[in-house]
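The values are calculated or read from the model by the stated rules, or taken from the named source; none is laboratory data. From a predicted model like this one, the values you see are computed outputs, not experimental measurements. Because the Cβ atoms are built from the backbone with ideal geometry, glycine has one as well, and the counts that use them run over all protein chains shown.
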Amino acid sequence: MGLKTKMHAEEGKQDLIITREFDLPVELVFKAHVDPELIVQWKTLPNTTAKILKFGGKKHGSYQMQSTDAQGKIVSSVSGVIHEFIPNQKMIRTFEVENAPIGVQLEIYDFERLTDNTSKLSMHVIYESGAIRDQLLKMPGASGYTMGMAHDRMQELMNKFK
Amino acid sequence: MNLRRDVFQAIADPTRRAILLLVASQSMTAGAIAANFDTARPTVSKHLQILTECELLNQEQNGREIYYQLNAKKMKEVAEFIEPFRKIWDDRFNKLETIMKNYKPKK
Amino acid sequence: MEQKTKVNAEDGKQELMITREFDLPVEMLFKAHAEPELVEQWMSNPFATAKMLKFEGKKHGCYQGESTDANGNVVFRSNGMFHEFIPNRKITRTFEMENAPFGVQLEIYEFEKLTDNTSKLNMHVIFESVPLRDQLLQLPFAQGINMAHDRIQEILGKSK
């Protein structure tokens, strides 16, 4: 659990790659990433509820998402633009956490069909600097393990659609 | 006796420049490189030798194959390589400054 | 002669910085980047005319540019999105040259007021990989050599 997702961060670089194979057709993995109603069910920070304020799931669209705690207080707000959107293949977007000193990220999602029922996700995340990347890697919420747990949730969620 | 190949002399040849651009984004075997040119294979090999001698190309053994890759570090040692890039932006910014100094908003 | 525009491309990094100081108030410097008709003017040169096919100068806006040669042929097209657009302060955008193997770039333009009549631009360009950055950086040099070589060939051909 949580270990299937692999994260590779080479020393001295300002990017990292997260990969994961799923027991899901590539169409479902892609759908999980671009359907707002699905995103909020698995791509959440621990102990928060996610809400999508805007999600233009298309090339040159934009998105905005908020996370609130149990008391309804806004814990985090993220937004960005979608530079490229090729269904079941690729999504390139910017990502920024509002009011956080970590700058903007460029995220390249590659969706790859392996077999009819399995697929692979590769996320290439590029930061404004190596220092920012390293700082984020130290934080508990940003670790590959947390991403792995989210991926596990996504696998379970999308199993229903198989 | 000048054993070290001169980098500028090496890149003066159009085929060698084309080879450098080819391997700039991914390393390739001699065969894969040669397939891109109409030139005879031994001639391409000679070009690869020259580029390797002046350290613009590195060789890396992968199994039985030798892969050639661009030695970007060597390219950058010669500052002139990025001068044309810098000049493009310098020209643009000079123009920007001139245009905006003369800019009068339409009322 | 002092080099006004500075390019900083550290070895082994996938980013580069371009910096330049201007004899312009920061508002004028920003305006030159925010209005398509102005961008077209300073991005054009005798060999390529720049044109903005689309330009939504605001946060989450999108843009598409085109460059044509003296004969009106399209040399290249580019497109991207504005992630951030803060007047007189900052523009963050994605940039991609269409049908070219350079990938997507993340570009952060910072506009800084120095005095009432001078300002500074800091362009931070981040690439998908180190080789892609190096390839783009060295392309004008390779092209320049090609052009010079062709001219020499031409001259030599004529003198036979």
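Of the residues making up the stretch C:26-40, at least one is touching a His at 6+ places or on another chain (Cβ under 8 Å) and at the interface with chain B (Cβ under 10 Å from one of its Cβ atoms). Checking the stretch C:70-78 against the condition returns a match, with at least one residue being in contact with a Phe, Trp or Tyr (Cβ under 8 Å, 6 or more places away or on another chain), at pLDDT below 95, on the phi < 0 side of the Ramachandran plot and more than 14 Å from chain B (Cβ to nearest Cβ). Might you let me know whether the stretch A:132-149 holds any residue that is among the basic types (K, R), in a strand (DSSP E or B) and closer than 27 Å to C:E128 by Cβ? Scanning the stretch A:132-149 turns up no residue that is among the basic types (K, R), in a strand (DSSP E or B) and closer than 27 Å to C:E128 by Cβ. Taking the conditions exactly as written (farther than 24 Å from A:E96 by Cβ, over 17 Å from the mean Cα position of the chain (by Cα) and among the polar types (S, T, N, Q)), does C:Q3 satisfy them or not? Yes: the conditions hold for C:Q3. For the stretch B:54-105, a residue qualifies if it is more than 27 Å from C:E15 (Cβ to Cβ) and either within 14 Å of chain C (Cβ to nearest Cβ) or buried (at least 18 other Cβ atoms within 10 Å of the Cβ) (or both), and the qualifying residues are B:C54, B:T98, B:I99, B:M100, B:K101, B:N102, B:Y103, B:K104, B:P105. Filtering B:L20, B:L51 for residues that are surrounded by 14 or more Cβ atoms within 10 Å (Cβ to Cβ) and either within 11 Å of chain C (Cβ to nearest Cβ) or out of contact with any strand residue (DSSP E or B) (no Cβ under 8 Å at 6 or more places or on another chain) (or both) leaves a single hit, B:L20. In the stretch A:131-152, of all residues being of a type in the set (D, E, K, R) and surrounded by 15 or more Cβ atoms within 10 Å (Cβ to Cβ), the one that is farthest from C:G12 (Cα to Cα) corresponds to A:D152. Scanning the stretch A:115-128 for residues that are in a strand (DSSP E or B) and either farther than 30 Å from C:Y109 by Cα or touching a Gly at 6+ places or on another chain (Cβ under 9 Å) (or both) yields A:S119, A:K120, A:L121. Residues that are surrounded by 13 or more Cβ atoms within 10 Å (Cβ to Cβ), modelled with pLDDT of 95 or more and either within 10 Å of another protein chain (Cβ to nearest Cβ) or closer than 17 Å to B:N94 by Cβ (or both) do not occur anywhere in the stretch C:1-12.
Okay, residues lined up against (1) touching a Lys or Arg at 6+ places or on another chain (Cβ under 7 Å); (2) exposed (fewer than 15 other Cβ atoms within 10 Å of the Cβ); (3) of a type outside the set (F, W, Y):
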site: C:P36; (1), (2), (3): no, no, yes
site: C:K58; (1), (2), (3): no, yes, yes
site: C:A70; (1), (2), (3): no, yes, yes
site: C:G80; (1), (2), (3): yes, no, yes
site: C:I91; (1), (2), (3): no, no, yes
site: C:N99; (1), (2), (3): no, yes, yes
site: C:S119; (1), (2), (3): yes, no, yes
site: C:L132; (1), (2), (3): no, no, yes
site: C:L139; (1), (2), (3): no, no, yes
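State yes or no: is A:E128 crowded, with 19+ Cβ neighbours inside 10 Å and over 14 Å from the mean Cα position of the chain (by Cα)? Yes; evaluated as a whole, the condition is true for this residue.
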